[in-house]
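Heads up: the structure comes next, in structure tokens.
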There are 2 protein chains.
Amino acid sequence: MSNIRDVAQLAGVSVATVSRALQQPDLVSLKTRTKVLSAVKQLGYKPNLMAVRFRSGKTRNLVVLVPTVANVFFARVISGMQQAAHDKGYSLLLCNTLADEAMEQSYARMVHTSQADGLIQLRAHNPFAQLEMKTGSVLPMVNACEVLDRIACPTVLLDNRSAACAMTEHLLQLGHKRIAMIKGPARSPLTRDRVAGYRDALDAAGVAFDESLLYPGDFTLQSGHKAATELLALAKPPTAVFCENDEMAIGAIQGIKQAGLSVPGDVSVAGFDDISFAAFSDPPLTTIAQPAEEFGSTAVSLLIDLLDGRLGKAPKVILPFDLIQRDSTGPAPAGSG
Amino acid sequence: MSNIRDVAQLAGVSVATVSRALQQPDLVSLKTRTKVLSAVKQLGYKPNLMAVRFRSGKTRNLVVLVPTVANVFFARVISGMQQAAHDKGYSLLLCNTLADEAMEQSYARMVHTSQADGLIQLRAHNPFAQLEMKTGSVLPMVNACEVLDRIACPTVLLDNRSAACAMTEHLLQLGHKRIAMIKGPARSPLTRDRVAGYRDALDAAGVAFDESLLYPGDFTLQSGHKAATELLALAKPPTAVFCENDEMAIGAIQGIKQAGLSVPGDVSVAGFDDISFAAFSDPPLTTIAQPAEEFGSTAVSLLIDLLDGRLGKAPKVILPFDLIQRDSTGPAPAGSG
DNA sequence: TATATTAATGTAACCGATATCATTTATAAG
DNA sequence: CTTATAAATGATATCGGTTACATTAATATA
């Protein structure tokens, strides 16, 4: 690997001139610039970015904490992040946390050890307040998809409450009265918002809220299956199930079918996210579409703005949702409710 | 951010001693070590890894080129890579290539600009021979999931030919004679191997190969749907469809159902990969399970071994597969063939 | 032509750690 | 109590760029 000194020597100029010829060509005479560029080409010189970044103190790396890349929705978000990061000259250091806090902390520390400039997290259960206390320094962080309550932090999110409300209204309009919700972990703000939207719609329609219809899942296909199976075993089972993501909805559909019931004939099912599989389930899934890639690109933009000091006070960017009506939701069975 | 000089000053020793106290404690007296560690703790000192890596010339970053992270199988592979990389002190720079060669080249160049030590690619259509020629230097690279023909390169892969043969045999044993295959892009070595396995089984069973039953897809749900629809429109449609991945199989199932046929009553469908959705399709999908996470971890191990000069001549690691029989494959309809 | 001003280039410090080599201090052997 | 040997520590060059400052060359102004 040739370095800037080799280039300088070959071009017969100083290293400073080489650096300027490449970084601020205006400061170098045409004649010299030509000589330098010719030497660069001849040697196949590529600046050592490790050195550049060490000198500048900017790594141009961003840590991304993802609960699980196996989640199709997150995969799309990551895709959007990667594209945006690349466009702006940044790279992503991906961490699949798998709910392992030690792993999260370990990656978050990369910002303090100059391996990354900032951090993006999706679905933040555990804020890094603790870590920040300990190190005393601030961690440039952006949150995507889920709002962090305890920390003022730039965030890009959906109006989850309104979206959940809209879907619940859709089910109410179809005549459903017993609408179950397969939600996420109880402590998650995301779940809290969506449950709130669900209750908003019930309240507005004068339908009593029934705690037993609220079932906690963990966003996996399996948990959707289990939840639906148990909900159907209730004394007064639901005629509609609203799931907090599409994976659980697809799992729920299988559970309902295995119980000998039809979707949406006996039970309607709605999802959230509009992953690619949603349109290919049987029946195709009614769901809330989120601009997943845009979540990613917006999060990256926010973080870079934050790093460049171009950001005011922790903005919250709200992206639009879209209720996609397919065949998994239909009129409530006659005589129900 | 405090640096090693701050620590040295506070501890009343030289920077060299601080460095040794942290890197090679045996070379430092207990008394001095204690002083240093105390100063480290008091200042919250964390070594600047940017500096360490610049000095050492090792970035401890690995570039990962993924055709698309939206593919569930690849997501699992990445998960395995991330885990293994973290365990060994490496980070992953993820690139979602989306079949964009410019993007691939751009990320591959990161190795030449000292942003990464090596590269892992999945499904390599375009070898970097060209890039290597141009730069003259070798690119430490490992290939996963798909073998690269033109370059001798450490690889971790499945015996795709045997796996495809096994699945085809499974269908033959069920009495199917007209077995279609929804394959990937024609130029892919992966597809070539799997088609070869498919033909091996047909030949062994004395079933004539029919070119019209070989349909090229692109690994998406949509392409599986389209392929199945068109295959069923043939004068002599297949009674079984073997898809090169589960997404296409799930798409195919939908296409078959929409044509008014049942799976597996009229047409059996088999997939490849055993993604999480496979067990939740309707009917649950018969497929080939691959140790996806192990692909990832093995690829990372191979690359690190390669970087450390611990590798002989481009080994090919072959991981085992498992035929998972579910309900999407059944006996050929009576009177077929 | 002399002088002021600007453009072009060079010199060298610097970023933060590591590691070589030199030097001092502690221990062992005679 | 020396002297030889080992252990502990310090001073400093180094990695490859960038950049502040110094210096020289070129042009403009009087």
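The values are calculated or read from the model by the stated rules, or taken from the named source; none is laboratory data. No experiment lies behind these values; they were computed from the predicted model shown. Cβ atoms come from the backbone with ideal geometry, glycine included; neighbour counts cover every protein chain shown. Just the protein is used for accessible areas: all its heavy atoms, side chains included, with ligands, DNA and RNA removed. Shrake-Rupley method; radii C 1.70, N 1.55, O 1.52, S 1.80 Å.
Among the residues making up the range A:49-72, none is among the aromatic types (F, W, Y) and under 15 Å from B:S79 (Cα atoms). Cβ separations smaller than 9 Å between residues 6+ apart or across chains give the following pairs from the range A:46-59 residues that are of a type in the set (K, R) to residues that are near DNA strand D (Cβ under 7 Å from one of its atoms): A:K46/A:M1; A:R53/B:F54; A:R55/B:F54; A:K58/A:V52. For the range A:31-57, filtering for residues that are of a type in the set (S, T, Y) and within 10 Å of DNA strand D (Cβ to nearest atom) leaves 2.
With respect to A:T298, is the statement that it is farther than 30 Å from A:T229 by Cα and either among the hydrophobic types (A, V, I, L, M, F, W, C) or at pLDDT 95 or above (or both) true? Taking the combined requirement at face value, the residue satisfies it. Can B:A334 be described as without any contact (Cβ under 8 Å) to a residue 24 or more places away in the chain, among the aliphatic types (A, V, I, L, M) and either outside any helix (DSSP H, G or I) or over 30 Å from B:L232 (Cβ atoms) (or both)? Taking the combined requirement at face value, the residue satisfies it.
Output the residue which, of all residues in the range A:54-69 that are open to solvent by 60 Å² or more (accessible area, probe 1.4 Å) and either within 30 Å of A:E146 (Cα to Cα) or more than 10 Å from DNA strand C (Cβ to nearest atom) (or both), is nearest to the chain's Cα centre (by Cα).
The selected residue is A:R60.
Exactly one residue out of A:R60, A:R5, A:R20, A:R76 is closer than 30 Å to A:Q290 by Cα, basic (K, R) and within 14 Å of DNA strand D (Cβ to nearest atom): that is A:R60. Among residues of the range B:205-219 that are outside the structural domain of B:L190 (by TED's automatic domain parsing), none has a Cβ under 8 angstrom from a residue that is part of a loop (DSSP other than H, G, I, E, B) and modelled with pLDDT under 95 at a sequence gap of 6+ or on a separate chain. Here is the figure for the range A:26-53: residues that are within 10 Å of DNA strand C (Cβ to nearest atom) and of a type in the set (G, A, S) total 2.
With respect to A:V7, is the statement that it is free of Cβ contacts under 8 Å to residues at least 60 places away in the same chain, open to solvent by less than 20 Å² (accessible area, probe 1.4 Å) and assigned to a strand (DSSP E or B) true? In short, no. When B:L307 is tested against (1) in the same structural domain as B:L214 (by TED's automatic domain parsing); (2) under 17 Å from B:A144 (Cβ atoms); (3) of a type in the set (A, V, I, L, M, F, W, C), exactly one condition is not met: (1). For the range A:325-337, filtering for residues that are of a type outside the set (S, T, N, Q) and open to solvent by less than 40 Å² (accessible area, probe 1.4 Å) leaves 3. Counting the residues of the range A:206-216 that are assigned to a helix (DSSP H, G or I) and open to solvent by 80 Å² or more (accessible area, probe 1.4 Å) gives 1. Taking (1) modelled with pLDDT of 95 or more; (2) away from DNA strand D (no atom under 16 Å from the Cβ) in turn, A:G12 satisfies each apart from (2). Of the residues making up the range B:217-267, those that are open to solvent by 50 Å² or more (accessible area, probe 1.4 Å), of a type in the set (D, E, K, R) and more than 10 Å from every other protein chain (Cβ to nearest Cβ) number 5.
Among the residues of the range A:176-200, which ones are open to solvent by less than 30 Å² (accessible area, probe 1.4 Å) and outside any strand (DSSP E or B)?
A:H176, A:G184, A:S188, A:P189, A:L190, A:T191, A:R194, A:V195, A:A196, A:G197, A:Y198
Taking first residues from the range B:286-305 that are under 8 Å from B:G80 (Cα atoms) and partners that are of a type in the set (D, E) and open to solvent by 30 Å² or more (accessible area, probe 1.4 Å), the Cβ contacts under 9 Å between residues at least 6 apart in sequence or on separate chains come to B:A292/B:D274; B:S297/B:D87. Identification of helices (runs of 4 or more DSSP H) wholly contained in the range A:29-98 with 2 or more residues that are at the interface with chain B (Cβ under 10 Å from one of its Cβ atoms) yields A:49-56, A:72-87.
Give the number of residues within the range A:269-292 that are more than 14 Å from chain B (Cβ to nearest Cβ), open to solvent by less than 10 Å² (accessible area, probe 1.4 Å) and touching a Phe, Trp or Tyr at 6+ places or on another chain (Cβ under 9 Å). Residues meeting the conditions: 4. Considering the range A:14-25, and only residues there that are within 7 Å of DNA strand C (Cβ to nearest atom) and open to solvent by 40 Å² or more (accessible area, probe 1.4 Å), the residue that is farthest from the chain's Cα centre (by Cα) turns out to be A:S14.
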